[in-house]
1. Exactly one condition in (1) surrounded by 12 or more Cβ atoms within 10 Å (Cβ to Cβ); (2) more than 11 Å from chain B (Cβ to nearest Cβ); (3) hydrophobic (A, V, I, L, M, F, W, C); (4) out of contact with any Leu (no Cβ under 9 Å at 6 or more places or on another chain) is false for A:Leu75; which is it?
2. Suppose we keep only residues that are facing chain A (nearest Cβ under 7 Å) and either among the aromatic types (Phe, Trp, Tyr) or not in a helix (DSSP H, G or I) (or both) within region B:1-20. Which one would you say is nearest to A:Ala33 (Cα to Cα)?
3. Can you name the strands (runs of 3 or more DSSP E) wholly within region B:121-233 that have at least 1 residues being surrounded by fewer than 20 Cβ atoms within 10 Å (Cβ to Cβ), in the same structural domain as B:Thr103 (by TED's automatic domain parsing) and touching a Phe, Trp or Tyr at 6+ places or on another chain (Cβ under 9 Å)?
4. Could you say whether any residue in region A:34-45 is without any contact (Cβ under 8 Å) to a residue 24 or more places away in the chain and either polar (S, T, N, Q) or over 19 Å from B:Ile9 (Cα atoms) (or both)?
5. Find the residue count for region A:1-27, including only residues that are more than 8 Å from every other protein chain (Cβ to nearest Cβ) and in a loop (DSSP other than H, G, I, E, B).
6. Search region A:46-69 for residues being more than 10 Å from chain B (Cβ to nearest Cβ) and of a type in the set (A, V, I, L, M, F, W, C), and hand back the single one that is farthest from B:Phe16 (Cα to Cα).
7. Answer yes or no: is there a residue in region B:207-224 that is out of contact with any Asp or Glu (no Cβ under 6 Å at 6 or more places or on another chain), at pLDDT 85 or above and over 17 Å from B:Gly96 (Cβ atoms).
8. Could you please tell me which pairs satisfy a Cβ distance under 7 Å, a separation of 6+ or placement on different chains, a first residue in region B:69-83 that is part of a helix (DSSP H, G or I), and a second residue that is modelled with pLDDT under 75 and not charged (D, E, K, R)?
Amino acid sequence: MWLPVLGLLIGLLLGFMSDLRIPPEYTSYLSIAVLAALDTLFGGIRAQLQKTFDDRVFISGFFFNILLAAGLAFLGVHLGVDLYLAAIFAFGVRLFNNIAVIRRLLLTKSSENQQAERN
Amino acid sequence: MKRRFKFFIMTMIVGFMLAVQFHTNQEPIVRDTRDIWELRNDLESQKTTQQELFAEIYKYEQLIDEYSKSGTGGQLETLEETLADLKNDAGLTEVGGHGIELTIEPLLNDEELVGKPALSIHPELLRRLINELNGYGAEEISIDGERIISTTPIREVNGKTYINDKPISPLPVKVKVLSRDSDKLHKEMLTSQSGEDFARENLLLSPKPVDHVSLPAYSHQIRVKFMKEKGET
């Protein structure tokens, strides 16, 4: 449980230490990529809790989603249509869904634990 | 264990991306890069502004003093003085003094212009000229006998240029300018941008220093649209 959190902290630290900046015209791509990454991450956590986790699906989904989202944003910029909104909407909805499922799973787990303790 | 390690890598990437995104969105800190001379200059200009403000405050304090000190007759006198001052500031009185006189005339001889329509002065040219004169420290301006005040309209109607709703007379047209330092204004007008702009329209703008110019008063009613009379306090 603590390893992913540690990873997140190390990543944040590396990001802040490196003082890397993205040119302003590419910030929208990065933000959408971050959203896609977060979505995949929460999807992975949900799959882990539901015991349907598959490494290959997780890793391929992580990179493929990021690339797809950035590609969609790129296409949108060149077509003059705000296609990145589609990605934001899809990922946003899925993010909320995943988090809701994770919350329910954790709640049922804790109530099961409490019942087991009582018994 | 392997699975956890993969999760670890993923979260690290996410964290890195988040940090970079955060970094990018942070406004860079604007640093004060003025050196000592620039700071001194800025301080100097601020001090000048302060001086001017003090002078203004002093003037108004004196005015208040006069109002409160003198009797009814004196108060009336002070009020009249103030009114006269305000009328002077608004351009409702005739003024005279040191200044320059600009003449706008055709750049080329009349013979060379046979068959061409009569030249007219475009309102934009006049506006630019007024801006430039004000920039060089002109105090009062009149164009073709029309006093320029803060609300003077300069527009084009059916190909004719109107100042204060009166058509401008045919060339040559005289522009009279009142200035405290007329020599400097004259020299600046000799090499002015307006001269170039007028030349581009086949017009010659020639400045001439004059010991005494007299500017007519603004002869029309000043319409005040966006002000209201203040009630009794």
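1. Status for A:Leu75: all satisfied but (4).
2. Only one residue fits best here, namely B:Phe16.
3. Details: elements: B:138-143, B:146-148, B:154-157, B:160-163, B:173-179, B:203-215.
Once the strands (runs of 3 or more DSSP E) in region B:121-233 are filtered for at least 1 residues that are surrounded by fewer than 20 Cβ atoms within 10 Å (Cβ to Cβ), in the same structural domain as B:Thr103 (by TED's automatic domain parsing) and touching a Phe, Trp or Tyr at 6+ places or on another chain (Cβ under 9 Å), what remains is B:154-157, B:203-215.
4. No; the residues of region A:34-45 include none that is without any contact (Cβ under 8 Å) to a residue 24 or more places away in the chain and either polar (S, T, N, Q) or over 19 Å from B:Ile9 (Cα atoms) (or both).
5. Matching residues across region A:1-27 total 2.
6. Ranking the qualifying residues of region A:46-69, first place goes to A:Leu49.
7. yes
8. B:Thr78/B:Ser70
The values are calculated or read from the model by the stated rules, or taken from the named source; none is laboratory data. Being a predicted model, the structure only gives us computed values, none of them experimental. As a convention, Cβ positions derive from the backbone with ideal geometry for all residues, glycine included, and neighbour counts pool all protein chains shown.
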